[in-house]
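This report refers to the structure that appears directly beneath it.
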Amino acid sequence: MTDWDVPPIDRYCDLVMKGGIASGVVYPEAIAKLSHYYRFQSIGGTSAGAIAASVTAAAEYQRRLTGSRAGFDLLKQLPTKLGDKTSSGKSKLLSLFQPQPPLRRLFSVLIGALNRKKTSLRIWSIIWGLLRAYWPATVSAGLIAVLVGFFDVGWFAACLTFVLVVMSLVGQRVYSDVTKRLVAYDLGLCTGLTEQDSIDEALTPWLHHLIQTAAGRAIHEAPVTFGDLWLVRSPLETQQDRDLPRSIELQMFSTNLSHGRPYIFPLADSERLYFTTGEMRKCLPDQVVKWMVDNSPSNDRDQGSHDEDKLLQVPAAERFPILLAARMSLSFPFLFTAIPLHAIETDRFGKKTFRRCWFSDGGISSNFPIHLFDDLVPRWPTFGLTLEAKIADQSPVFLATTYDQGYEERWNIAPDNKDVSMLGWFVGAIVSTMQNWNDNSLTRMPGVRDRVARVRLEKHEGGMNLNMEAQHIHAVAKRGVDAIDQILGRFAPPSRNGGPADGWDEHRFVRLHVLLKMLAVRSQGITDALRPDCRYATDFGSLFTQMMSAKDQHGNPLPPPGYEKPLTPQQCQELKTFVMRLEALAKEMQPLDHSIEFSAIPTPELRIRPPL
């Protein structure tokens with residue numbers, strides 16, 4: 001298969017990427033490869049997937065604007081650069097994670113426990129790390145134990161004394177660091193910003209520089225915003241392309257812990273969030289904070305100076321920096337600080353109060369939001385790259401190539417030995433299930449599983465392995481390219497008759513049948529609910545007439561629920577006509593459930609759900 005520098009004008013795709021902290025190294029080379037064959041219309045992701053999504057959108061922005069592939073070439077080089085050693089002697093990947101000074105002891109314990117294949121080894125690494133990190137307590141316990149031994153109590157008693165005292169002293173200091181310092185420093189070991197005594201660049205400024213460069217902008221220029229992506233146009237686009245409401249669509253998940261639900265950025269126009277300059281300076285570069293202040297709808301630009309604690313409304317979606325959305329998505333609990341924004345709470349008496357909202361990692365809600373850009377029937381493919389643990393005898397990369405593949409259950413296999421490793425598995429499985437059950441269920445569905453490439457990682461690869469060696473980084477990156485090769489082999493080459501790829505035609509065939517079967521299953525309930533003689537409720541024809549004639553206690557016309565004005569006779573008649581047509585359509589669709597022999601494995605459901 002030969003790479004094109006410029007994909008065909010009419011070849012678009014969407015791309016969704018899973019979170020996984022260090023697992024994000026799987027994406028850069030894969031994206032660069034895919035960019036030779038497709039233009040990216042919609043890009044989405046969570047956590048590490050959000051980092052990749054934001055840089056991909058920036059690279060596509062530069063390609064649309066100037067025709068340059070420089071942004072994708074930059075992406076292709078990332079795995080090599082992340083494996084290089086910095087001037088501090090660390091890998092570039094590890095140097096991006098810089099703990100806040102008061103929390104460095106806890107961070108050192110975390111780093112020491114990485115890349116351990118067994119739970120028992122991880123536990124011993126944590127114990128040794130605690131003894132080293134809190135060495136004054138360890139030395140004090142040792143001195144006390146020696147004194148006990150010298151007083152002829154016995155060395156067994158001295159050893160026992162050492163264990164008890166070191167547990168007490170180290171435990172007190174760990175408890176203090178966790179309950180006081182970690183809480184005081186916004187519940188994260190790292191802010192994402194470069195610490196003052198560091199000679200290396202931390203994650204957030206590094207990502208800001210990467211986004212700006214991929215978009216073809218200098219670091220001192222305006223940060224890339226969602227509006228920049230929406231409005232950029234290529235001279236190669238057809239009129240049909242220009243009719244798309246947004247040239248490039250970027251979406252990223254974050255989790256509002258205060259509201260207990262996920263948020264998708266950019267925000268809808270109806271959402272109102274607020275920030276303070278002081279809080280934003282703790283998590284964003286100064287030039288991005290200044291942009292947010294200058295573009296806040298509630299900023300009084302005539303004041304000249306700004307109170308660091310003054311609440312300002314976040315910029316409108318088109319002026320919202322994609323860097324902030326990415327940072328909010330990758331706020332992995334306890335590794336990175338949560339992001340504080342503010343929302344208005346209205347009580348039952350109408351009183352309004354500002355409340356702080358804590359935004360944490362998007363993966364808490366949806367670590368692989370493959371559903372982000374799905375239409376009922378797709379115009380172009382939405383590809384997914386997901387990550388899962390390697391199991392013996394599995395291929396390192398898997399993509400379903402026939403309809404009867406890929407719907408098997410994902411396995412999180414428990415260890416055979418009932419020792420401490422079983423406990424570690426049980427806790428990990430609970431967390432993984434809470435986090436991934438929705439995504440795992442969705443990726444088994446027909447019309448989904450054939451477009452999701454599954455990249456399987458060893459225990460020492462990706463995830464929390466922040467100190468991966470260069471060879472492991474390259475191995476993971478190559479697996480991402482292999483996944484794209486499988487996707488391209490199914491969706492990119494022309495068919496035997498010169499038309500679209502057979503895999504793409506088959507995908508659309510399956511998606512249409514899934515839609516028809518779901519509508520057919522639901523049609524009986526629609527018909528029963530719309531019948532004029534429905535026994536359980538007022539028929540809709542009479543209900544519309546009642547709503548049109550409704551009046552308040554003063555005799556004034558009353559708008560129906562959800563309407564700003566009273567219902568007019570014309571609107572009432574149109575509603576009755578629509579209901580009649582819907583009932584007729586539902587009746588016509590009922591036989592489809594039996595006449596279409598297509599078998600959806602597993603059977604999907606069509607439901608109404610709130611937006612995120």
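The table below gives the values:
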quantity	calculated
Heavy-atom accessible surface of the chain: percent carbon and sulfur, 1.4 Å	58 percent
Segment 504-552-segment 202-252 distance, computed between alpha-carbon centres (Å)	40 Å
Positive-pole candidate from Asn299, Val232, Cys283, dipole of segment 216-354, charges at beta carbon	Cys283
Surface accessible to a 1.4 Å probe, per residue, for the residues of segment 514-593, Å²	70 Å²
Within the chain, percent of DSSP bridges classed antiparallel, to nearest 5	50 percent
Pairs of Cα atoms farther than 16 Å apart, segment 231-294, %	67 percent
Cβ-placed point charges (K, R +1; D, E -1), dipole of segment 98-159 about Cα centre in debye, nearest 20	500 debye
Acute angle (nearest 10 degrees) that the helix 135-150 long axis makes with the longest principal axis of the chain, alpha-carbon atoms	40 degrees
For Ile43, residues with placed amide H under 5 Å, excluding near neighbours	Leu15, Glu249, Leu250, Gln251
The chain, dipole about Cα centre (Lys/Arg Cβ +1, Asp/Glu Cβ -1), debye to the nearest 20	800 debye
Leading residue at positive end of dipole, the chain (Cβ point charges), from Tyr27, Ile199, Pro396	Ile199
Euclidean distance of C-alpha centroids, segment 310-359 and segment 1-68, integer Å	28 Å
Cα gyration tensor, segment 87-162 - rounded (a/c under 1.5), prolate or oblate	prolate
Theoretical ellipticity at 222 nm over the chain - DSSP helices of four or more residues, -39500 (n - 2.57) apiece, nearest 500	-13500 deg cm²/dmol
Packing-based order for 587-596, 277-286, 245-254, 86-95, using average beta carbon neighbours within 10 Å, highest first	245-254, 277-286, 86-95, 587-596
For peptides 63-70, 20-27, sequence by mean Cβ density within 10 Å, most packed first	20-27, 63-70
Order by protection proxy (mean Cβ within 10 Å, highest first), peptides 407-420, 438-451	438-451, 407-420
Cα-centre dipole for segment 505-612 with unit charges at Cβ (Lys and Arg positive, Asp and Glu negative), debye to 20	200 debye
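The values are calculated or read from the model by the stated rules, or taken from the named source; none is laboratory data. Just so we're clear, the structure is a prediction, and the values are computed from it rather than from any experiment. Positions of Cβ are generated from backbone atoms using ideal geometry, with glycine treated the same way; all protein chains shown enter the neighbour counts. In case anyone asks, the SASA skips ligands and DNA or RNA and just uses the protein heavy atoms, side chains included. Shrake-Rupley method; radii C 1.70, N 1.55, O 1.52, S 1.80 Å.
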